[in-house]
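Everything on this sheet refers to the single structure shown next.
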Amino acid sequence: MSKKTDSIYSSLDRLDELVGGLKEVSGGADCGNGALQSEMTEGEAGGLQAQSSTLKKIDDISFEMGIKLKELRFWIDSLYSYNGKSTSYAKKNASKENGKKGGRPPKQITQAKRRILELENDVIPDLESKIRLAVSAEDEEAFKAQLVGAQTELAGCKKRVEEFRRTVTSVSAANE
């Protein structure tokens, strides 16, 4: 086993021992204060000393348990921090191939593609419908102005995406 795994198992074993010791000190009670309560009601001077001794033992055990839990959390975090970081041979090759094609597109291009879909599927058809159903000439003119603006924006987005495609095509052709 690795050092990390050994440390985790030893911490777990020590925590089990501490829980057993805590039950033993508290008189077999489930870490409640029933055993301590019975000692307090005896009213003897020795009972108070026994109580303070028991409280000291419980405090020491709980302190050590806290330390062991922190150690355990550290090792578990470090053990699992590598998850997802390994790459297979297939992933490495796929990444290289995608890199030759220009890699992941810039955020602006992705946003432009989304905006093209939005304009073509929602905005422009909605404005065309509003123009057909306009009640007054003023409303119709306002909708036509909005339609022209949307069509201009659509053309600009398509131009940016096309320029990016040409750049990627020229880069991938140069790499081959």
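Can you tell me which residue is modelled with the highest pLDDT among those in the range 24-36 that are open to solvent by less than 90 Å² (accessible area, probe 1.4 Å) and assigned to a helix (DSSP H, G or I)? If we take residues in the range 24-36 being open to solvent by less than 90 Å² (accessible area, probe 1.4 Å) and assigned to a helix (DSSP H, G or I), then 25 is modelled with the highest pLDDT.
Going through (1) modelled with pLDDT of 85 or more; (2) of a type in the set (A, V, I, L, M, F, W, C); (3) closer than 30 Å to residue 4 by Cα one by one, residue 116 falls short only on (3). Among the residues of the range 137-168, those identified as touching a helix residue (DSSP H, G or I) at 6+ places or on another chain (Cβ under 8 Å) and farther than 19 Å from residue 125 by Cα are 160, 161, 164. Which residues, taken from the range 126-144, are surrounded by 11 or more Cβ atoms within 10 Å (Cβ to Cβ) and either part of a loop (DSSP other than H, G, I, E, B) or of a type outside the set (Ser, Thr, Tyr) (or both)? Once the filter is applied, which keeps residues that are surrounded by 11 or more Cβ atoms within 10 Å (Cβ to Cβ) and either part of a loop (DSSP other than H, G, I, E, B) or of a type outside the set (Ser, Thr, Tyr) (or both), the range 126-144 yields 126, 127, 128, 130, 131, 134, 139, 140, 141, 142, 143, 144.
Of the residues making up the range 49-74, those that are closer than 19 Å to residue 7 by Cα and open to solvent by 50 Å² or more (accessible area, probe 1.4 Å) are 63, 64, 67, 69, 70, 71, 73, 74.
If you go through the range 69-121 and keep only what is polar (S, T, N, Q) and over 30 Å from residue 157 (Cα atoms), you end up with 78, 81, 83, 86, 87, 88, 93.
Criterion applied to 81, 170 was being without any contact (Cβ under 8 Å) to a residue 40 or more places away in the chain and closer than 30 Å to residue 5 by Cα, and the one residue passing it is 81. Checking residue 92 against (1) under 26 Å from the mean Cα position of the chain (by Cα); (2) open to solvent by less than 50 Å² (accessible area, probe 1.4 Å), which single condition isn't satisfied? Unmet for residue 92, out of (1) under 26 Å from the mean Cα position of the chain (by Cα); (2) open to solvent by less than 50 Å² (accessible area, probe 1.4 Å): (2).
Quick one: would you say residue 39 is at pLDDT below 75, farther than 30 Å from residue 170 by Cβ, open to solvent by 90 Å² or more (accessible area, probe 1.4 Å) and of a type outside the set (Phe, Trp, Tyr)? Considered against the rule, which asks whether it is at pLDDT below 75, farther than 30 Å from residue 170 by Cβ, open to solvent by 90 Å² or more (accessible area, probe 1.4 Å) and of a type outside the set (Phe, Trp, Tyr), residue 39 comes out as no. Restricting attention to the range 99-125, which residues are in contact (Cβ under 8 Å) with a residue 12 or more places away in the chain, open to solvent by 70 Å² or more (accessible area, probe 1.4 Å) and assigned to a helix (DSSP H, G or I)? If the condition is that a residue be in contact (Cβ under 8 Å) with a residue 12 or more places away in the chain, open to solvent by 70 Å² or more (accessible area, probe 1.4 Å) and assigned to a helix (DSSP H, G or I), then 100, 108, 113, 120 are the ones that fit.
Within the range 131-153, can one find any residue that is under 33 Å from the mean Cα position of the chain (by Cα) and more than 30 Å from residue 12 (Cα to Cα)? Scanning the range 131-153 turns up no residue that is under 33 Å from the mean Cα position of the chain (by Cα) and more than 30 Å from residue 12 (Cα to Cα).
The values are calculated or read from the model by the stated rules, or taken from the named source; none is laboratory data. Quick caveat: nothing in here was measured; it's all calculated off a predicted structure. All Cβ positions, glycine included, derive from the backbone under ideal geometry; neighbour counts span all protein chains shown. Only protein heavy atoms, including side chains, enter the accessible area calculation; ligands, DNA and RNA are left aside. Shrake-Rupley method; radii C 1.70, N 1.55, O 1.52, S 1.80 Å.
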